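Student: Would you mind keeping the following structure in view while I ask a few things?
The values are calculated or read from the model by the stated rules, or taken from the named source; none is laboratory data. Being a predicted model, the structure only gives us computed values, none of them experimental. Heads up, the Cβs are rebuilt from the backbone with ideal geometry, glycines too, and the neighbour counts pull from every protein chain shown.
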Amino acid sequence: MDFELELILRAEINVTYIIQLLIKLKSKNNKGSVASERDILNLLNTEVTLHSKLELLDRFISNNLPDINDADDITTEFENFLDKEKQVAFDKIVKEENLSSERTEKLIEDYLFAERTPMRD
């Protein structure tokens, strides 16, 4: 769990950059959008810090981006998508590891509040 929290903290700036690229993509006419989407996915493949987010971003681009009509809504829609995915991942980890969801959530909140960096070991 510490490792996953660390990945989330590291990739935040790069995800913001990708979201900005998606906004630019959606702001343009649909002309060349397939090539632009492919360019963004290629960028994701080459960016080491985003490898853990590749599947998530790819799913957002494939499943959600086509349904977004206003480029200004992309950031909000991505945040909503990310919140849902985080909850799904949290529920899965709690179930697989047989953890208390309340205690695990409290632990994560403590890390975030104290701005503690997760332990590497």
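Student: As an exercise: evaluate residue 121 against (1) exposed (fewer than 10 other Cβ atoms within 10 Å of the Cβ); (2) part of a helix (DSSP H, G or I); (3) modelled with pLDDT under 90 and give the number of the one condition it does not meet.
Tutor: So residue 121 meets the others, but not (2).
Student: Quick test for you: out of 13, 93, 8, pick the one residue that is among the β-branched types (Val, Ile, Thr) and either at pLDDT 75 or above or in contact with a strand residue (DSSP E or B) (Cβ under 7 Å, 6 or more places away or on another chain) (or both). Walk me through how you get there before you give the answer.
Tutor: Working: 13 fails: either at pLDDT 75 or above or in contact with a strand residue (DSSP E or B) (Cβ under 7 Å, 6 or more places away or on another chain) (or both); 8 fails: either at pLDDT 75 or above or in contact with a strand residue (DSSP E or B) (Cβ under 7 Å, 6 or more places away or on another chain) (or both).
Matching residue, one of 13, 93, 8: 93.
Student: Let me ask another. Tell me whether segment 77-96 contains one or more residues that are in a loop (DSSP other than H, G, I, E, B), over 17 Å from residue 15 (Cα atoms) and hydrophobic (A, V, I, L, M, F, W, C).
Tutor: no
Student: Another question, if that's okay. Do you know which residues across segment 74-88 are surrounded by 14 or more Cβ atoms within 10 Å (Cβ to Cβ) and more than 12 Å from the chain's Cα centre (by Cα)?
Tutor: If the condition is that a residue be surrounded by 14 or more Cβ atoms within 10 Å (Cβ to Cβ) and more than 12 Å from the chain's Cα centre (by Cα), then 74 is the only one that fits.
Student: Which ones in segment 45-58 are assigned to a helix (DSSP H, G or I), of a type in the set (D, E, K, R), in contact (Cβ under 8 Å) with a residue 12 or more places away in the chain and farther than 15 Å from residue 25 by Cα?
Tutor: Step one: list which residues in segment 45-58 are assigned to a helix (DSSP H, G or I), which gives 45-46, 48-58.
With of a type in the set (D, E, K, R) added as a condition, the list becomes 53, 55, 58.
Narrowing further to those that are in contact (Cβ under 8 Å) with a residue 12 or more places away in the chain: 53, 58.
Scanning segment 45-58 gives a single hit, 53.
Student: Next question, about the same structure. Determine whether residue 91 is under 15 Å from residue 20 (Cβ atoms), out of contact with any Leu (no Cβ under 6 Å at 6 or more places or on another chain) and surrounded by fewer than 13 Cβ atoms within 10 Å (Cβ to Cβ).
Tutor: No, not satisfied.
Student: Right, next: I'd like the full set of residues that are over 26 Å from residue 111 (Cα atoms) and either at pLDDT 80 or above or surrounded by fewer than 13 Cβ atoms within 10 Å (Cβ to Cβ) (or both), limited to segment 40-60.
Tutor: 42, 45, 46, 58, 59, 60
Student: Same structure again: Restricting to segment 98-112, name every residue that is surrounded by 10 or more Cβ atoms within 10 Å (Cβ to Cβ) and either outside any helix (DSSP H, G or I) or touching a helix residue (DSSP H, G or I) at 6+ places or on another chain (Cβ under 8 Å) (or both).
Tutor: 99, 100, 101, 104, 105, 108, 111 - these are the residues of segment 98-112 that are surrounded by 10 or more Cβ atoms within 10 Å (Cβ to Cβ) and either outside any helix (DSSP H, G or I) or touching a helix residue (DSSP H, G or I) at 6+ places or on another chain (Cβ under 8 Å) (or both).
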